Amino acid sequence: MMKKRWQRRHLIEAFVKGLMIVSFLIVAAGLGEILWTILVQGLPALNWAMVTQVPQGGFYLGKGGGVLNAILGSLYLAGGGTLLALIFSLPIALYLETYLGDSDWGRYVRLSLDVLWGIPTIVYGVFGFIIMLAIGLRASLLAGIVVLSLVELPIMVRAMDEVIRRMPVDLEQAALALGSTKLEVAVRVVTRQMLPGIITAILLAFGRGIGDAASVLFTAGYTDRIPTSLMQPTASLPLAVFFQLGTPYPIVQQRGYASALILTIIVLIISISSRWISSHLNKYTVK
Amino acid sequence: MDTHIRVRNLNAFYGKQQALKDVNIEIPRKQVTVIMGPSGCGKSTLLKTLNRFLELTDDTKISGEVLVDEQDIYARDVDVTEVRKRVGLLAQRPSPLPMSIYENVAYGMHIHQMRNDRVSYKQAVKHYLEIAGLWDEVGKRLHDPATSLSIGQQQRLCLARGLAVEPEIILGDEPTSALDPISAQNVEKRLLDLKEHYTIVIVTHTLRQAKRLADYVIYMYLGEVVEAGPAQEVFNNPKHERTRAYLEGQF
């Protein structure tokens, strides 16, 4: 009586489940292929000099040196851009949720952010470049940071917005019942409750920032030196990958893959460590 | 009767639906007033008008007056955060803030800047946890997350948190309905102790709880106040047929 019979709905379930597994495998295979390629091609060229030295004369022809300029450049650019974007994103996201909510204005702002999210980053690069020409700023770390923060802003705001919208109503009301202003609820309660999600949003934006080549191409420039001030141009890892893969020399191309590997490892380290931090910070989060 | 809250000609709407119809009541000072009635009769709505919580729901409209010590809390020049500081709320389900036990109690005092230094904050936190009957259980782990407490403990924490902003009035929206019997009894006992200093208004749908707690009773039906008066009178000698039917368990 309890024996399984192959009814139509069981078949449908088996089919859809199969479909999900296939979809997962396709994407996993793609990711695996990318990681495999940069590992196999990049590992042989990855050595201590790669991460501790700047390019020496003839580096792009196969001679000695490393990509420390690009590693530090990328960290400066993405770190600065993320910090700048955060300074604006958190207030925007809190304002959106606390004061605009689902009003018409709220929807317009969310729509424009979604559009900005979809704009190719080369457009941000060109836009930044035009502004730089107008005010007489040359390709520099500062310009790169500002443009990257513009690239990251819509992602960060929308990701935070989606997180903050899931704020439990009970919790907000509990704070209001004690006589909090809306601002106090936003800053003291919502931000604390949603901290893990907010950190994820920051991470998402950082990931996009550090991996982007097009927006920094015109604005931050490229140099073999490590920048010592905001007004100097700087190298970045995505462009280092691009330039090295563009040479005809196999050894330099290998270094390109190694640079991509370094970039991946940086993102991995930052992801894991911030997840670790957020899991320690969310001790007080109400589930 | 020493009236603390006076409600005059109060009407409330959710969209087009009228939830309160011309409510006129007086709530006595330093007593437990119980609002009772079948579900959907508007008792929670009435409670929410007393700390201006109804306006947090979209598309609600209110007309009439709610006077606390003869001052209309809906007047234009009234600061809503001050209203909610004076009129505390104990919700149906405890919802601790995403902070430690200590910070939960200190939160309200912080935002209203009610103390000057750390020591007096600590003393105040201890004081209110004692009043809520929670100090013995949490005194040694004040910096644990509030969510690590049991539901019954959380509700008493919410009570301590609410008392810490020094309200005059405590509203309770079925404050024991989510608790187990022993925790519920514990919270009820606290409320009875508190009426010496506070005006307490409780919504409940359990008649037995109403009988245990009430000094003064308001019976509502379909958005209207059917009968209001001292508990003894209403329970023993209801004037209205509907109240009598409710008390006899015909709902």
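The values are calculated or read from the model by the stated rules, or taken from the named source; none is laboratory data. These figures come from a predicted structure and were not determined experimentally. Ideal geometry is used to build each Cβ from the backbone, glycine not excepted, and the neighbour counts take in all protein chains shown.
A few comments on the model shown:
- Failed criterion for B:GLU166 (all others in (1) touching a helix residue (DSSP H, G or I) at 6+ places or on another chain (Cβ under 7 Å); (2) under 24 Å from B:THR81 (Cα atoms); (3) not aromatic (Phe, Trp, Tyr) hold): (1)
- Within the set A:GLY32, A:GLY18, A:GLY42, A:GLY58, the sole residue that is modelled with pLDDT under 85 and not hydrophobic (A, V, I, L, M, F, W, C) turns out to be A:GLY58.
- Residue pairs meeting the criteria (Cβ under 6 Å; at least 6 apart or on separate chains; first under 20 Å from B:THR176 (Cβ atoms) and at pLDDT below 90, in the stretch B:16-40; second assigned to a strand (DSSP E or B) and not polar (S, T, N, Q)): B:GLY37/B:TYR219; B:GLY37/B:MET220; B:GLY37/B:TYR221
- Cβ-Cβ under 8 Å pairs, at least 6 apart or on other chains, the stretch A:61-87 side in contact (Cβ under 8 Å) with a residue 12 or more places away in the chain, far side assigned to a helix (DSSP H, G or I) and among the acidic types (Asp, Glu): A:GLY81/A:GLU152; A:THR82/A:GLU152; A:ALA85/A:GLU152
- Residue in the stretch B:139-148 that is within 12 Å of chain A (Cβ to nearest Cβ) and either under 27 Å from B:VAL201 (Cβ atoms) or exposed (fewer than 15 other Cβ atoms within 10 Å of the Cβ) (or both) present: yes
- In the condition set (1) farther than 15 Å from A:LEU75 by Cα; (2) modelled with pLDDT under 90; (3) among the hydrophobic types (A, V, I, L, M, F, W, C), A:ILE226 is compliant with all but (1).
- Qualifying residue in the stretch B:84-94 (condition: buried (at least 19 other Cβ atoms within 10 Å of the Cβ) and of a type in the set (Val, Ile, Thr)): yes
- Screening the stretch B:22-129 for strands (runs of 3 or more DSSP E) wholly inside it with 2 or more residues that are within 14 Å of chain A (Cβ to nearest Cβ) and closer than 26 Å to B:ILE151 by Cα returns the ranges B:87-90.
- Across the stretch A:189-214, the number of residues qualifying as modelled with pLDDT of 90 or more and in contact with a Phe, Trp or Tyr (Cβ under 7 Å, 6 or more places away or on another chain) comes to 0.
Yes or no, residue by residue, for (1) modelled with pLDDT of 85 or more; (2) within 21 Å of B:THR45 (Cβ to Cβ); (3) touching a Leu at 6+ places or on another chain (Cβ under 9 Å); (4) assigned to a helix (DSSP H, G or I):
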residue	(1), (2), (3), (4)
B:ALA210	yes, yes, no, yes
B:MET220	yes, yes, yes, no
B:VAL225	yes, yes, yes, no
B:PHE235	yes, no, yes, yes
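- Qualifying residues in the stretch A:176-194 (those that are among the polar types (S, T, N, Q) and outside any helix (DSSP H, G or I)) - the one surrounded by the fewest Cβ atoms within 10 Å (Cβ to Cβ): A:THR181
- Of residues in the stretch A:239-287 being among the hydrophobic types (A, V, I, L, M, F, W, C) and within 14 Å of another protein chain (Cβ to nearest Cβ), the one surrounded by the fewest Cβ atoms within 10 Å (Cβ to Cβ): A:LEU281
- Filter result for A:LEU141 (touching a Pro at 6+ places or on another chain (Cβ under 6 Å) and either surrounded by 23 or more Cβ atoms within 10 Å (Cβ to Cβ) or over 19 Å from A:GLY80 (Cα atoms) (or both)): yes
- When the stretch B:164-187 is limited to residues that are of a type in the set (D, E, K, R) and surrounded by fewer than 18 Cβ atoms within 10 Å (Cβ to Cβ), the one that is nearest to the other protein chains (Cβ to nearest Cβ) turns out to be B:GLU166.
- Among the residues making up the stretch A:224-252, those that are in a helix (DSSP H, G or I) and under 25 Å from the mean Cα position of the chain (by Cα) are A:LEU237, A:PRO238, A:LEU239, A:ALA240, A:VAL241, A:PHE242, A:PHE243, A:GLN244, A:LEU245.
- Checking A:GLU97 against (1) at pLDDT 90 or above; (2) charged (D, E, K, R); (3) closer than 27 Å to A:VAL146 by Cα, the condition it does not meet: (1)
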